[in-house]
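K.L.:
Structure below; questions to follow.
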Amino acid sequence: MENPILEMKSITKEFPGVKALDNVTFSVKKGEIHCLVGENGAGKSTLMKVLSGVHPYGSYTGEIFVEGELQKYNNIRDSENAGIAIIYQELALIPELTIYENIFLGNEISNGVVIDSNETILQSKEILKKVGLDINPETKIKTLGVGQQQLVEIAKALKKEVKILILDEPTAALNENDSENLLELIKELKQQGVTSILISHKLKEVLAIADTVTVLRDGKTVTTLDAKADLVNENVLIKNMVGREIDNIYPERHGIEIGEEVLHLENWRAFAPGLGREILKGLDMSIHEGEIVGIAGLMGSGRTELAKSIFGNPDHYRIEGDVYIRGVKQNFKNPHDAIKAQLAYVTEDRKGNGLVLIQDVKRNISLANLKEIAKSGVIDENEEIVIANRYRSDLNIKTPTIEQKVRNLSGGNQQKVSLGKWLFVNPGLLILDEPTRGIDVGAKYEIYQIMNELVAKGMSIIMISSELPEVLGMSDRIYVMSAGKFTGEMPVEEASQEKIMELAVDY
Amino acid sequence: MGLAEQTELEAKAKTKGLMEILKENVSEYFMFIALIVIMIYFSFTTDGAFISPRNISNLFNQVGYIAVLAVGMTLVIIIRHIDLSVGYLAGCMGAFAAIAMTRWGMSVWVVLPIVLILGVISSLVMASPIAKLGVPAFVSTMAAGLIFRGALLLATMGTGTIVIKDQVFNAIGNGFIPDIMKIPALGNRHILTLLIGAVAIVLNIFTSLRTRRAKIAYKFEVPSFGLFILQMLLMSVVIGYIAWVLSGYNGISWSLVLVILVVAVFQFITTKTPLGRHIYAVGGNPEAAELSGISVQKITFIVFGAMGFLSALSGVMYASRLQSATTTAGLGFETDAIAAAFVGGVSAAGGVGTIVGSIVGALVMMSLNSGMNLMGIDSSIQYIVRGAVLVLAVIFDRITRKNQ
Ligand SMILES: Nc1ncnc2c1ncn2[C@@H]1O[C@H](COP(=O)(O)OP(=O)(O)OP(=O)(O)O)[C@@H](O)[C@H]1O
Ligand SMILES: [Mg+2]
């Protein structure tokens, strides 16, 4: 276990206006699980993209050695052939294709002309067994949950001989159960001799699984720690990541008055368009001014569907039941109507439906509220810059300028842009769907603080979250959802992780 | 605004230099530079015939009916669609105008608004399956194109070409704005054209100064003052030169007036108004746009409605230019419009492209046409050259964008 399998020496990578990596040194021992942590925009994903050839040899300076040999990858294929497999922050499967087609995409088994489906399916079964997924390989990806999709991604990586497996925030979108399964799998792979590099903002799981932890900050290596050493705990990691201590992850709120009822749902039902499977099954819900209401539940329990059905129903479910805003019955035809009624919805999928990636930071922030910066029908671009800069500093968005395309921001900073966009709308009721997914501890704290400030001003917040500690730490009241129903509702004082989990699997 | 005041302001300005600006905007400036290079090249190879007032004036008139289509096509492609029906719709509307005037004896002033509205309505009907049901625009507009083509053939059946005699109508594609007076010292030059040129120069300087002042007041970065002067000088020379050339041959044509109006309106809408932003957002990410309170359906209808309006206008301009409606009117217009948009930097992936870019694209394609015609190059070679230029322009655009 002594000599390193991977050594990255003095890696520097610049983008226009940003030094993403500044003389980074990174060394991984054979057979270990090595975690990489750091703030949003610290350079974690970039370092892994350098390693996997996404940023080809020559576009960075420094050297990469695998098992002592200098590597010069021109593309991902080169690194794959060298036994390095990477699973990105965003899933990259094709939903319309089957599991086996996805696994062998680009490496189809054929007799030279025709694909040998039977052989492919057979081999897929073997590989799926390795990742503990007992499912027919002929299933289409789109019918799988996120957790299972994640496993398929890993299966895809494992079809070739893999020496180093890189996972960029694999558990960000997973619930506790799926996360645990995944971490178990990584440990199992370790037994089989696979070295893993894991990026995560969930420090608990980092400490649970890592042999070694490397901390990046502002594109530099801060330290590399032995994770099994006694002195290494969450606080030590946080201090290294953000440069200061954070004692209380959930800032307290005091003396906030709960005001009149803002939103009221009565026997709220939603059916999928077309033949109409019932997605939401008669929900009653009520939220007041100054309240943060948490919605807990497993992935697929209908939480995002609930948020969307309230927020103008963009997916065109067939809806029954009534929604009242401040006592007035509403009939939102589209998100535009909902926004007019002072609702805002920060989506869980920032790339898919939250942001316009090819546009810059300032245009994304102003998009939902252009009338605010338009004077007699003409957009005041100077005012727009002022506003974008204000949210940039309020939310601490890390970007060289607000003219930077959002596509080029790190995942966590994209999330902050998405939040800034909806804060600019100045809503009365803010629906946050997984608001801290992919966000570092420091930034999480900042977002929680902003939430507290908002409710202090009388706003109401619905927070959908798969992270139970966050739900317990931030909510005044909690609804637990399971299979399209509320299986429980309680003030936070009466809630506990066990109780919520029990209700979440209650059908 | 006094000079002293400006100097004082300049002292506070945060500035950036030439290289920075060029680097930020390579792909935008490139086509413009390419256009100038092409024009200079043809001026040499045709012994100045290309740059003669008469040819430039003609060029603007020829580009007119494609330019207005390119403007609409830019919007359509920005929102990730395509419109293959524009040529036939234009031909159809031209024929309708001709029939309305010659057979039904309607006044040109009644016919023009009716034709434009009819263009909008036809396009909206065609767009309904696209906007409401998500039918691919490729299919829906191709089908509509076939229908419009059939309608055109029906309309011209029996008579074939319909000759238009209306003076007002024919002036659209062939006439020039009237002059106010003659100044013997300037020979035969068109004085109103020169005046308009001068006004445009002053207006441009005035508005640019105002934008610059606002930016400085907000403490934003602006180009250095020297660079700003240089920019103004360049723009003034270009506008002045065009006005000078045109004034040597009948002055500004009505076609050019129409094109300038269309470009000005659409440039304003796309860059300065919420509607413009909404169009780019829908093109960039329709789901995100919808969740931001923008109705994708509404934007789709608006864009296709505009395309229908511009198609009808294009049809009128073309029929007017030929002083007749023919069975082949509009044939291949869509190819020229789509090519102009892509040469001008529009992206098929959606969300990217500018009106001015597409106009430059149209000018590039038409300059090639005109220059090669003057050189007497066979049309077979002309097609090949234009195809090559189209694909090279798009390749270049991809490469510069990737590097950014
Ligand atoms: N293609 C790009 N163009 C320009 N800048 C980029 C590009 N990719 C990354 N960056 C910048 O490099 C820096 C590091 O980004 P990176 O994605 O590596 O961060 P990260 O540590 O993975 O953050 P997160 O935890 O938010 O995912 C950021 O400032 C980001 O804006
Ligand atoms: Mg990352």
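K.L.:
Taking 0.36 nm per residue of sequence separation and subtracting the Cα-Cα distance, how much length would be gained by fully extending the chain between residue B:378 and residue B:104, in nm to one decimal?
P.N.:
Between residue B:378 and residue B:104, full extension yields an extra 94.5 nm.
K.L.:
Set the Förster distance to 45 Å, then compute FRET efficiency between residue A:160 and residue A:208 from the Cβ-Cβ distance, nearest 0.05.
P.N.:
0.95
K.L.:
Tell me the relative contact order for segment A:296-344 as a rounded percent, counting alpha carbon contacts under 8 Å between residues six or more apart.
P.N.:
It rounds to 35 percent for segment A:296-344.
K.L.:
Taking θ as phi - 60°, what are the ³J(HN,Hα) couplings along segment A:168-182 by the Karplus curve (6.51, -1.76, 1.60), each to the nearest whole Hz, with x for Gly and Pro?
P.N.:
Coupling constants for segment A:168-182: 9, 6, x, 9, 4, 9, 9, 7, 4, 4, 4, 4, 4, 3, 5 Hz.
K.L.:
Applying 1/(1 + (r/R0)^6) with R0 = 41 Å to the Cβ-Cβ distance of residue A:281 and residue B:125, what FRET efficiency is obtained, to the nearest 0.05?
P.N.:
Once the sixth-power term is evaluated, E becomes 0.50.
K.L.:
Could you check the simple spin-label distance between residue B:388 and residue A:393, using points 7 Å along Cα→Cβ, in nm with one decimal?
P.N.:
In this crude spin-label approximation the distance works out to 5.5 nm.
K.L.:
Now, a different point. In segment B:72-174, what chymotrypsin sites (Phe, Trp or Tyr not before Pro) fall in a loop by DSSP, with at most 16 other Cβ atoms inside 10 Å?
P.N.:
Hits after loop and neighbour filter: B:104.
K.L.:
Between B:214, B:34, B:264, which gets the highest mean-square fluctuation from a Gaussian network model of chain B, Cα cutoff 10 Å?
P.N.:
B:214
K.L.:
Still on this structure, please answer the following. Put a dot 7 Å past each Cα toward the Cβ at residue B:234 and residue A:340; how far apart are the dots in nm?
P.N.:
Rounded to a tenth, the inter-label distance reads 4.6 nm.
K.L.:
Additional query: Summed for both chains, how many Å² of accessible area, to the nearest 100, are buried between A and B with a 1.4 Å probe?
P.N.:
2400 Å²
K.L.:
Sequence neighbours fewer than 8 away in the same chain don't count; with that in mind, list the lysines whose C-alpha is under 17 Å from residue A:159.
P.N.:
Cross-link targets: A:125, A:129, A:130, A:190.
K.L.:
Leaving out ligands, DNA and RNA but keeping every protein chain, what accessible area does residue A:160 have, in Å² rounded to the nearest 10, with a 1.4 Å probe?
P.N.:
Around 70 Å² of this residue is reachable by solvent.
K.L.:
Each residue of segment A:454-471 in turn: what ³J(HN,Hα) in whole Hz from Karplus with 6.51, -1.76, 1.60 and θ = phi - 60°, glycine and Pro shown as x?
P.N.:
5, 5, 4, 7, x, 6, 10, 10, 9, 10, 8, 8, 8, 8, 4, x, 5, 4
K.L.:
As I understand it, the dipole of chain B uses +1 on the Cβ of Lys and Arg and -1 on the Cβ of Asp and Glu, about the Cα centre. Which of B:218, B:311, B:256 lies farthest toward its positive end?
P.N.:
Result: B:218, furthest along the dipole toward the positive end.
K.L.:
What trypsin sites (Lys or Arg not before Pro) in segment A:195-304 are in a loop by DSSP, with at most 14 other Cβ atoms within 10 Å of the Cβ?
P.N.:
Sites meeting the loop and neighbour criteria: A:228, A:244, A:277.
K.L.:
Solvent-accessible area of residue A:113, probe 1.4 Å, all protein chains present, reported in Å² to the nearest ten, please.
P.N.:
130 Å²
K.L.:
Using a Gaussian network for chain B with springs between C-alpha atoms less than 10 Å apart, which of these wobbles most: B:351, B:158, B:134?
P.N.:
B:158
K.L.:
Hey, which of these cross-link pairs are over 26 Å Cα-Cα: A:156/A:187; A:19/A:49; A:202/A:499; A:163/A:351; A:160/A:398; A:202/A:351?
P.N.:
Beyond 26 Å between Cα atoms: A:163/A:351; A:160/A:398.
K.L.:
Continuing with the same structure: Please calculate the 1.4 Å probe accessible area of residue B:273, with all protein chains present, and give it to the nearest 10 Å².
P.N.:
Estimated to the nearest 10 Å², residue B:273 gives 20 Å².
K.L.:
May I ask what percent, to the nearest 5, of DSSP beta bridges between residues of chain A are antiparallel?
P.N.:
Percent antiparallel among DSSP bridges in chain A is about 60.
K.L.:
Quick check: the distance between the Cα centres of segment B:201-215 and segment A:433-493, to the nearest angstrom?
P.N.:
49 Å
K.L.:
Counting only protein heavy atoms and a 1.4 Å probe, tell me what percentage of segment A:4-242's accessible area is made up of carbon and sulfur.
P.N.:
47 percent
K.L.:
Quote the FRET efficiency, to the nearest 0.05, computed for residue B:272 versus residue A:63 with a Förster distance R0 of 30 Å and r equal to the Cβ-Cβ distance.
P.N.:
0.05
K.L.:
Another question, then. Using a 7 Å offset from Cα along Cα-Cβ at residue A:250, what residues in segment A:473-502 end up with backbone N under 18 Å from the label point?
P.N.:
Under 18 Å, as judged by backbone N against the label point of residue A:250, lie A:473-481, A:488-502 of segment A:473-502.
K.L.:
Which number gives the lysine pairs in chain B that have C-alpha atoms under 27 Å apart and are eight or more places apart or on different chains?
P.N.:
21
K.L.:
Another question, then. Considering only DSSP beta bridges with both partners in segment A:4-242, what is the antiparallel share in %, to the nearest 5?
P.N.:
55 percent
K.L.:
Now a separate question. Taking the Cα centre as origin and putting +1 on Lys and Arg beta-carbons and -1 on Asp and Glu beta-carbons, what dipole magnitude results for the protein assembly as shown, to the nearest 20 debye?
P.N.:
That gives a dipole near 3520 debye.
K.L.:
Now, a different point. What share of the DSSP beta bridges in the protein assembly as shown is antiparallel, in percent to the nearest 5?
P.N.:
Counting DSSP beta bridges with both partners in the protein assembly as shown, the antiparallel share is about 60 percent.
K.L.:
Compute the length gained on full extension between residue A:136 and residue A:118: take 0.36 nm times their separation in residues and subtract their Cα-Cα distance, giving the result in nm to one decimal.
P.N.:
5.2 nm
K.L.:
Still on this structure, I have one more. Could you state the number of Å between the C-alpha centres of segment B:318-389 and segment A:384-425?
P.N.:
Here the two parts' Cα centres lie 40 Å apart.
K.L.:
Please compute the length gained on full extension between residue B:199 and residue B:138, using 0.36 nm multiplied by the number of residues separating them and subtracting their Cα-Cα distance.
P.N.:
Working it through step by step, the gained length comes to 17.6 nm.
K.L.:
In segment A:4-242, if the dipole is taken from +1 on Lys/Arg beta carbons and -1 on Asp/Glu beta carbons about the Cα centre, which of A:100, A:181, A:209 is farthest to the positive end?
P.N.:
A:209
K.L.:
Another question, if that's okay. What distance in nm lies between label points placed 7 Å from Cα along the C-beta direction at residue B:18 and residue B:399?
P.N.:
Distance between label points: 2.4 nm.
K.L.:
Per residue, how much accessible surface does the protein assembly as shown expose to a 1.4 Å probe? Answer in Å², no decimals.
P.N.:
Per residue, the protein assembly as shown has 44 Å² of solvent-accessible surface.
The values are calculated or read from the model by the stated rules, or taken from the named source; none is laboratory data. This one's a predicted model, so the numbers in the text were calculated from it and none came from an experiment. Positions of Cβ are backbone-derived with ideal geometry, glycine not excepted, and every protein chain shown enters the neighbour counts. These area figures cover heavy atoms from the full protein model, side chains too; ligands, DNA and RNA do not enter into them. Shrake-Rupley method; radii C 1.70, N 1.55, O 1.52, S 1.80 Å.
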